[in-house]
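Peer 1: Sharing a structure below in structure tokens format, with a few things to ask.
The values are calculated or read from the model by the stated rules, or taken from the named source; none is laboratory data. The structure presented is a predicted model; accordingly, all values stated were derived computationally and were not measured. For neighbour counting, all protein chains shown are included, and Cβ atoms are generated from backbone atoms with ideal geometry for every residue, glycine included. When the accessible area is computed, the model is the full protein with side chains, heavy atoms only, and any ligands, DNA or RNA have been set aside. Shrake-Rupley method; radii C 1.70, N 1.55, O 1.52, S 1.80 Å.
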Amino acid sequence: DGGYDPQTIQATWQERWAAADPFRAGGADDTRPRKYVLAMFPYPSGDLHMGHAENYLYSDIVARAWRHRGYNVLNPIGWDSFGLPAENAAIKRGADPKEWTYANIDQQKAGFRSYGVSFDWNRVLHTSDPEYYHWNQWLFQQLFERGLAYRKESPVNWCPVDQTVLANEQVVDGHCERCGAEVVKKKLTQWYFRITDYADRLLDDLNQLEGFWPHKVIQMQRNWIGRSVGADIDFEIEGRAEKVTVFSTRPDTLYGATFMVVAPDSDLAAELASGSSQAVQSDFQAYLETVQKQTEIERQNTDRPKTGVFLDRYAINPINGERLPIWAADYVLADYGHGAVMAVPAHDQRDLDFARAFDLPIRVVVDTTAPATGAIPVIGEDGPIADDADDIESIDPAKTGVALTGEGRLINSGSLDGLSKRNAIARITEQLTAAGTGRASKSYRLRDWLISRQRFWGTPIPMVHTEDGRIVPVPEDQLPVRLPDAHGLDLAPKGTSPLGAVSEWMATTDPETGEAALRDPDTMDTFVDSSWYFLRFLSPGSDTVAFDSAEAQRWAPVDFYIGGVEHAILHLLYARFITKVLFDMGLVDFTEPFSSLINQGMVILGGSKMSKSKGNLVLFHEELATHGADALRVALAFAGPVEDDKDWDDVSTTGAQKFLSRAWRVAQDVTSERDVVWAEGDVALRRITHRLWAEAPGLIEQTKFNVVVARLMELVNAIRKTIDSGAGPADPAVREAAEAVAMVLDLFAPHTAEEMWEALGYEPFVGLAGWRQADPTLLVEDTVTAVVQIDGKVRATLEVSAKIDGADLEALARADERVVRSLAGREITRAIVRAPKVVSFSTH
Ligand code: ANZ
């Protein structure tokens, strides 16, 4: 019947886009201002799902809007195609991870095309292509040359199910991020990237992202880097030549230290124990064994009863020469600070719990009942501030079990007495520095980035292990080191890389001597791949450079980056780190990769997360087949604010389809020709059209996509009203409004919009049509005439906004000169306001 037929429209325009390639980004000679839009690239672990439908819709809306506003827009797509999900799935199905991965990529590509996403398809990358991972290997070697990639043996997080090492970031509450198994510790030699060298810059540069990234993400990154400021303090150890250094955020409490605690799983603890009696040594061994069986969660749980062993060794407090017994206890961690603490039970809760459990002395050195502010007494002059001994008695931590962690004045602390905490910290740090027994220091929670994996489906580490034990880079002209064929390989996880078993692949030569040598069998964490992919999109085909710096200068950093909040730490931190390294290498001229960041909400169902196991998946390809791409896109965009979760139960694809068919219909109904004079059209309709032109760009910049859809619906209804009841389909305002609908609807329903545009007599593509400017004279607000009565008589009329509220209207009326004159000093006893039309004052 010639009605709206989304499936046909869709097929037509997808073909025409594929043939004409209209969304290709402009080249080096394109002088328009540029915008780089990017959605975090997908894993090809199956067909596209509703999360993808949402994510790539949002980036497409932004890309399309910027194109309409005259920018040269880059909106690329690629695949994060190495890694465990693909490998595990491949193992499960007995398939080659490569075949499986690329089949999924093809399926996802087709999915994006049928969803009408305006990607620049000329820049597609897959991280599992040798053409891509070549440059991962190059990057690795660049870091190696700069001392930023190194090997060390250390306890690593080990997933016993996936049989692989996990980065700290991949351990969630002590469990493997991917499979949920409890993570254990294992000692292995691994490759690391020295991200800790960049800790301060990674932290400090977050300030410049404030307002452009979600505050929550910035805060998560801050906590992850976890900078603590304090001092390192050196303690002599009886019977040991070297001192032991502890890190403390409270060096001001040094006089309150009554014992020392070392991490039982540190080399230091073992060494101290070995200098003790047989009895101590066996106690220590037994304790260490129980500690090593614990998970990280158990260990960091502060509510647990304190355990530990006395090592029968003593440390000397550098400030007063006191002998402090040394204990080993699991609440001290081997890999934070120096793996040893000075215990100040009166002012640290963990130390207090321990002291009470093992009956160790507790000495208060900060009087938290004393005012913390006020004049600072001269050192040594003022005695303790606590003049009322009862006060201190009532908060004695030995009795209450509560450590005094608040502000106060120093007591029992020699020359520090009377000082506030802050000043005491400064003073003691100076004293220790002068004496050579301490210094200001910082500690970070951030650890170096463990990048080696004992798995097949990743970038081979481009290093050679020589016969005489050197580890040297594969010469650059021999890159990429390609993965061997997976056929016939046993990929099941064993804790060593499957590559190690491929002897003909492992065999290589020492680049310096030509002697036989071995390759490194490990592959890289896929977060290496994704740490710089946004730069590869700028020079996708280059086989001479990872990316062209001139292109990076033109396009980067990314103007609009969107993805799930699950990447708030890992991926974003690594990309920020690599960007800073590339900056230091002089290859990019910016230090932050993503100028603005949005985390979209999730698509959920019936209030909970969709998952295969729950059997509550809404399938992307089914929705697409039933409703068509445009209805799906409009329904998702209209479902609510970008950052909010969208419950599929509340998403109306049928409502969206009805709206689209109405929009399509108005374009068919327009009877005027393209050369109409807009100014002759219906003013009420023109006002709505021009309000859309005035507001759409700002609303899109604020990612208020749902509001723009609402405005489009309003406009389509208004057009219909004018066609049916007003000046009819020939009214120029109808044409003007229908054209506006097509040009803005393109963001959400590009197929329907193209079809409308053609019906309105234009050449394709509406996707490239420049948006119009609002006519300011049509933006004046609607006004009404309000009447002001005094004691029942009209005394004034006011021209006011139709949207004025009662309070504003009353205030205007009271201030009006004519009203004041009529009142002649009489008091208003009663005011009745009916905005926007009437104000009625009484004076008696
Ligand atoms: C003495 C002291 C007194 C401390 C006091 C605190 C309060 P954050 O803020 O997390 O950096 N510490 C140092 N190294 C440790 C380790 N390897 N394992 C467990 N605890 C460790 O914590 C720094 C504080 O944690 C340090 O300051 C130290 O205890 C402890 F009233 O030193 B404090």
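Peer 1: Given (1) at pLDDT 95 or above; (2) closer than 23 Å to PHE144 by Cα; (3) buried (at least 16 other Cβ atoms within 10 Å of the Cβ), where does THR544 come up short, assuming only one miss?
Peer 2: Condition (3) is where THR544 drops out.
Peer 1: Residue pairs, Cβ under 6 Å, 6 or more apart or interchain, first in the range 589-608 and more than 13 Å from LYS646 (Cβ to Cβ) and without any contact (Cβ under 8 Å) to a residue 60 or more places away in the chain, second part of a loop (DSSP other than H, G, I, E, B) and open to solvent by less than 40 Å² (accessible area, probe 1.4 Å). List them.
Peer 2: Cβ pairs passing all conditions: PHE590/PRO557; PRO593/PRO557.
Peer 1: Check off (1) over 22 Å from PHE560 (Cβ atoms); (2) touching a residue at least 40 places away in the same chain (Cβ under 8 Å); (3) hydroxyl-bearing (Ser, Thr, Tyr) for SER725 and give me the number that stays unchecked.
Peer 2: (2)
Peer 1: Need at least 3 residues that are open to solvent by less than 80 Å² (accessible area, probe 1.4 Å) and basic (Lys, Arg) per element, so show me which helices (runs of 4 or more DSSP H) inside the range 742-829 make the cut, counting only ones lying wholly within it.
Peer 2: The helices (runs of 4 or more DSSP H) meeting that bar number zero.
Peer 1: Based on what the data block shows, is ARG299 under 19 Å from ALA398 (Cα atoms) and within 12 Å of the ligand (Cβ to nearest atom)?
Peer 2: No; evaluated as a whole, the condition is false for this residue.
Peer 1: Tell me which residues, restricted to the range 186-217, are part of a strand (DSSP E or B) and among the aliphatic types (A, V, I, L, M).
Peer 2: The answer is LEU188, and nothing else.
Peer 1: Can you pull out every residue in the range 446-468 that is farther than 16 Å from LEU143 by Cβ, out of contact with any helix residue (DSSP H, G or I) (no Cβ under 7 Å at 6 or more places or on another chain) and not β-branched (Val, Ile, Thr)?
Peer 2: ARG453, GLN454, HIS465, GLU467, ASP468 - these are the residues of the range 446-468 that are farther than 16 Å from LEU143 by Cβ, out of contact with any helix residue (DSSP H, G or I) (no Cβ under 7 Å at 6 or more places or on another chain) and not β-branched (Val, Ile, Thr).
Peer 1: Moving on to the next point. Within the range 627-646, work out how many residues are farther than 13 Å from ILE604 by Cα and in a helix (DSSP H, G or I).
Peer 2: Number of matching residues: 10.
Peer 1: In the range 235-292, how many are more than 40 Å from the chain's Cα centre (by Cα), within 13 Å of the ligand (Cβ to nearest atom) and of a type in the set (Val, Ile, Thr)?
Peer 2: Here the count works out to 1.
Peer 1: Which members of the range 259-280 meet the condition of being out of contact with any Asp or Glu (no Cβ under 6 Å at 6 or more places or on another chain) and open to solvent by 10 Å² or more (accessible area, probe 1.4 Å)?
Peer 2: If the condition is that a residue be out of contact with any Asp or Glu (no Cβ under 6 Å at 6 or more places or on another chain) and open to solvent by 10 Å² or more (accessible area, probe 1.4 Å), then ASP265, SER266, ASP267, LEU268, ALA270, GLU271, SER274, GLY275, SER277, GLN278, ALA279 are the ones that fit.
Peer 1: At pLDDT 95 or above and either more than 30 Å from ALA25 (Cβ to Cβ) or open to solvent by 20 Å² or more (accessible area, probe 1.4 Å) (or both): is that true of LEU660 in this structure?
Peer 2: In short, no.
Peer 1: While we're on this one: For TYR102, only one of the following conditions fails: (1) without any contact (Cβ under 8 Å) to a residue 60 or more places away in the chain; (2) outside any helix (DSSP H, G or I); (3) touching a strand residue (DSSP E or B) at 6+ places or on another chain (Cβ under 8 Å). What is its number?
Peer 2: Answer for TYR102: the failing condition is (2).
Peer 1: Within the range 518-532, identify whether any single residue is of a type in the set (A, V, I, L, M, F, W, C), surrounded by fewer than 17 Cβ atoms within 10 Å (Cβ to Cβ) and part of a loop (DSSP other than H, G, I, E, B), and answer yes or no.
Peer 2: no
Peer 1: Moving on to the next point. Find the strands (runs of 3 or more DSSP E) located wholly in the range 218-299 whose residues include 1 or more that are closer than 30 Å to GLN170 by Cα and in contact with a Lys or Arg (Cβ under 8 Å, 6 or more places away or on another chain), and list them.
Peer 2: The qualifying strands (runs of 3 or more DSSP E) are 227-237.
Peer 1: Of everything in the range 488-503, what is closer than 13 Å to GLU87 by Cα and either out of contact with any strand residue (DSSP E or B) (no Cβ under 7 Å at 6 or more places or on another chain) or exposed (fewer than 13 other Cβ atoms within 10 Å of the Cβ) (or both)? Give them in sequence order.
Peer 2: LEU489, ASP490, LEU491, ALA492, PRO498, listed by residue number.
Peer 1: Just one of ILE195, ILE225 is open to solvent by less than 10 Å² (accessible area, probe 1.4 Å), of a type outside the set (S, T, N, Q) and within 16 Å of the ligand (Cβ to nearest atom); which is it?
Peer 2: ILE225
Peer 1: Count, please, the residues in the range 320-352 that happen to be within 13 Å of the ligand (Cβ to nearest atom) and within 24 Å of GLN431 (Cα to Cα).
Peer 2: Residues that pass the stated criteria total 13.
Peer 1: Looking at (1) within 16 Å of the ligand (Cβ to nearest atom); (2) in a helix (DSSP H, G or I); (3) surrounded by fewer than 16 Cβ atoms within 10 Å (Cβ to Cβ), which one does ARG304 not meet, given that it meets all the others?
Peer 2: (2)
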